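Scroll down for the structure; my scribbles are underneath it.
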Amino acid sequence: MTTAELLLQEFDAEMRGTRITLERIPNVLPDFKPHDRSTSCGRLAMHVATLCRFGTTILTTEAMNLATEKFPLMVFESREKLLATFDTLSSELRSHLAAVTDEHLGQKWKFSFGEKVIAHEPRAFLYRTMFLNHLIHHRAQLGVYLRLNEEQVPALYGPSADDTLGF
């Protein structure tokens, strides 16, 4: 089994859980923040929905310099738009991941801000840490936002107080 095949199994499972979480984001919470320093629910949900774009960048480019490259703004318009964005970007990333070779995943990818190097490691490592773990982290934050607003928290790795998934 190739590294990409292993990563695809994980990708499919995490994207299912991410979509389920995004499906629970109500249209009425875009400005909710659990703390003054927190990101709003709408912006955080859009960040989660668009993180696959970063995974694609890791797999398809030689480097990314945040001083010269910017991602589009993350503006929440509706749950339907949120899900459509996620579906498009996750499908695109899945196609790239399915086509990648072990050799390509082993090549170093550089992430920087101007002259400051943030990371310069093999793509497989940065795909997992800077994309996938990053996505899981923010998806978990959305779970807290849901709980604080009496919305149902999905079962992702086992049952939640709202969703048993047959456990």
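Just so you know, all these numbers are worked out from the coordinates, no wet-lab data involved. Because the structure is a prediction, the values reported are computed rather than measured. FYI the Cβ positions are ideal-geometry reconstructions off the backbone, even for glycines, and counts take in every protein chain you see.
Quick one: plug the Kirkwood hydrodynamic radius of the range 1-53 (C-alpha pairs) into Stokes-Einstein at 10 °C, 1.306 mPa s, and report D in µm²/s. The diffusion coefficient I find is 125 µm²/s.
Highest GNM mean-square fluctuation, the chain, Cα pairs closer than 10 Å: which of THR68, THR60, THR85? Maximum among the listed residues: THR68. A simple charge model with +1 on the Cβ of Lys and Arg, -1 on the Cβ of Asp and Glu and nothing else charged puts the dipole of the range 72-153 at about 220 debye relative to its Cα centre.
Taking all pairs of distinct Cα atoms, average 1/r, flip it, and tell me the Kirkwood hydrodynamic radius of the range 70-117 in Å to one decimal place. One over the average 1/r among Cα pairs gives 13.8 Å for the range 70-117.
With springs only between Cα atoms under 10 Å, which of ARG123, ARG37, ARG94 fluctuates most in a Gaussian network model of the chain? Residue with maximal mean-square fluctuation among ARG123, ARG37, ARG94: ARG37.
Computed about its Cα centre, the charge dipole of the range 1-68 is approximately 300 debye, with only Lys, Arg, Asp and Glu carrying charge at their Cβ.
For the range 88-147, applying the loop criterion from DSSP together with a ceiling of 13 other beta carbons within 10 Å to the GluC sites (Glu not before Pro) yields GLU115. The charge dipole of the range 74-114, taken about the Cα centre with unit charges on the Cβ atoms of Lys, Arg (+1) and Asp, Glu (-1), comes to about 160 debye, rounded to the nearest 20.
To the nearest ten degrees, helix 41-60 and the longest principal axis of the Cα atoms of the chain are 20 degrees apart. Taking a quarter of the surface of the Cα convex hull of the chain gives a mean projected area of 10.6 nm². For the pair the range 87-128 / the range 5-44, the C-alpha centres are spaced 21 Å from each other. Based on Cα contacts under 8 Å between residues 6+ apart, the range 85-153 shows a relative contact order of 17 percent.
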